[in-house]
Amino acid sequence: MSQDLTKKILVTLGFIFAYRILAYVPVPGVNLAVIKEFFDSNSSNALGMFNMFSGNAAQRLSIISLGIMPYITASIIMELLAATFPALGKMKKERDGMVRYMQIIRYATIVITIVQAIGVSVGLGGLSGRAGESAIMIDMTTFTAIAAASMLTGTMLLMWIGEQITQRGIGNGISLIIFAGIVSGIPSAIGGTINLVNTGELNFLVVIGILAVILATVGSIIYVEMGERRIPISYSRKVVLQNQHKRIMNYVPIKMNLSGVIPPIFASAILMFPSTIMQASTNPIVQSIHDFLNPNSYVFNVLTFLFVIFFAYFYASIVFNAKDISENLKKQGGFIPGVRPGESTALFLNEVAGRLTLWGSIYLGLISTLPWVLVKVMGVPFYFGGTAVLIVVQVALDTMRKIEAQMYMNKYETLSAVGL
């Protein structure tokens, strides 16, 4: 391993360590015992998922309790707007325009963070513990101002840490922050499982079955995430030879899962958010709807499966632009054998992407409903997040690719220097 790559890995680990320290810095003026009690009682709904993505910072009401999600939300909104408005899409493709595009995302992140921080502060104002103690120990107006400033600072620090990892570390900074947050909860999950086995609440054979399911899930995710359809490309204006005999075949890779982890996150958030809001109501009709949308119900998981498929198609149509690919190929003198350049190429690529997205969306739907299957079939008394496993494996694979690419680049630079 080269010295430069070692330095990048150490820089990345250093920033991740700083991120984990920030997770233990609470917002001033809160009763942490009441906050933890509240999150413990809501571990299986949207709040539990949110707490997981924040690396348990939410249940400590840390200054980074909102996590990096405001930045991701702003990025997704900008992606949707760029796909809707051609002027914004054109700005994104230009070098100077991309700088302005990222600046807009940062400003949008600030606005979203402030709105969410104020919303959290107002929500905590009506929260109390079992003994009646309040979650806020200072004046409400003062707390709202302090919480908004603290959480905004925390989110900006996370955004800066993500950018530093991308620029000075091994890359993929934002994803690595989410990865670190999810992985940080693994030791406590293992400890909780051991306690359940020791107290007799969980059979040891069931634990072995859970491990087998997790390993099979990880293997399936790796297999699908590395799978791609390679569309062969020929060039009319240049001929590339290898060893003066074999022609190098260029291709356009199309992944089976074009939409990544966005569909499961969107589907879970949309379905869990109303349920989380309605559980505070005492109205019998609202309570019946809440029970109907319980995460352990058949209806909830069927809807999750359908929503994941819908968002998989929707987001794939945004991230995969067949028209741009066909235009770039035409400019470079490239074409798909047997397909006319231009519109026919775009239609062909869309057709291939559509078929792959069908299987990719079914795969995402199965991964998303895996926790429910474990609870129903194996009687698992805790939540096992298929979406969390998907994120962890995807980020791990992407990070390994980046490290491997860096190692190859260093080898090429060494060979070039020797040749000179």
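The values are calculated or read from the model by the stated rules, or taken from the named source; none is laboratory data. All of these numbers come straight from a predicted model, not from anything done at the bench. Using ideal geometry, Cβ is built from the backbone for each residue, glycine included, and neighbour counts are taken over all protein chains shown. Areas reflect the complete protein model, heavy atoms only, side chains present, ligands, DNA and RNA absent. Shrake-Rupley method; radii C 1.70, N 1.55, O 1.52, S 1.80 Å.
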Given springs between every Cα pair under 10 Å in a Gaussian network model of the chain, which of 93, 323, 255 has the largest fluctuation?
93
Taking Cα atoms, the helix 69-84 axis meets the longest principal axis of the chain at an angle in degrees (rounded to 10) of 40
Could you go through the range 211-217 in sequence order and give the Karplus-derived ³J(HN,Hα) for each residue, using 6.51 cos²θ - 1.76 cosθ + 1.60 with θ = phi - 60°, rounded to whole Hz, and x for Gly and Pro?
4, 5, 5, 4, 5, 5, 5
How large, in percent, is the carbon and sulfur part of the accessible surface of the chain at a probe radius of 1.4 Å?
66
Over the chain: helical MRE at 222 nm, DSSP H runs n ≥ 4 each giving -39500 (n - 2.57), nearest 500
-23000 deg cm²/dmol
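With r as the distance between the Cβ atoms of residue 270 and residue 403 and R0 = 35 Å, compute the FRET efficiency 1/(1 + (r/R0)^6) and round to 0.05. Before the final figure, lay out each step's value.
Working: r = 35 Å, r/R0 = 1.01.
After rounding to 0.05, the efficiency reads 0.50.
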Gaussian network model of the chain, Cα springs within a sub-10 Å range: biggest mean-square fluctuation belongs to which of 409, 159, 140?
409
So, counting K/R as plus one and D/E as minus one, what does the shell of residues with Cβ under 13 Å around residue 255 add up to?
+1
For the range 138-184, convex hull volume per residue from C-alpha positions, Å³:
76
Which value, in Å², gives the accessible area per residue of the chain when a 1.4 Å probe is used on the protein heavy atoms?
54
At 1.4 Å probe size, what's the solvent-accessible area of residue 289? Round to the nearest 10 Å².
70
Determine the distance separating the Cα centre of the range 89-113 from the Cα centre of the range 184-226; give it in Å without decimals.
41
Within the under-13-Å Cβ sphere about residue 133, not counting residue 133, Lys/Arg +1 and Asp/Glu -1 give a net charge of +1
Report, in degrees rounded to the nearest 10, the 0 to 90 angle that the Cα long axis of helix 173-183 makes with the longest principal axis of the chain.
50
Connecting every pair of Cα atoms under 10 Å apart in the chain and solving the GNM, the largest mean-square fluctuation among 20, 401, 106 falls on 401
Excluding residue 83 itself, what net charge comes from residues whose Cβ is under 13 Å from its Cβ, given Lys and Arg +1 and Asp and Glu -1?
+2
So how tilted is helix 343-368 from the main axis of the chain? Cα-based, degrees 0 to 90, rounded to 10.
30
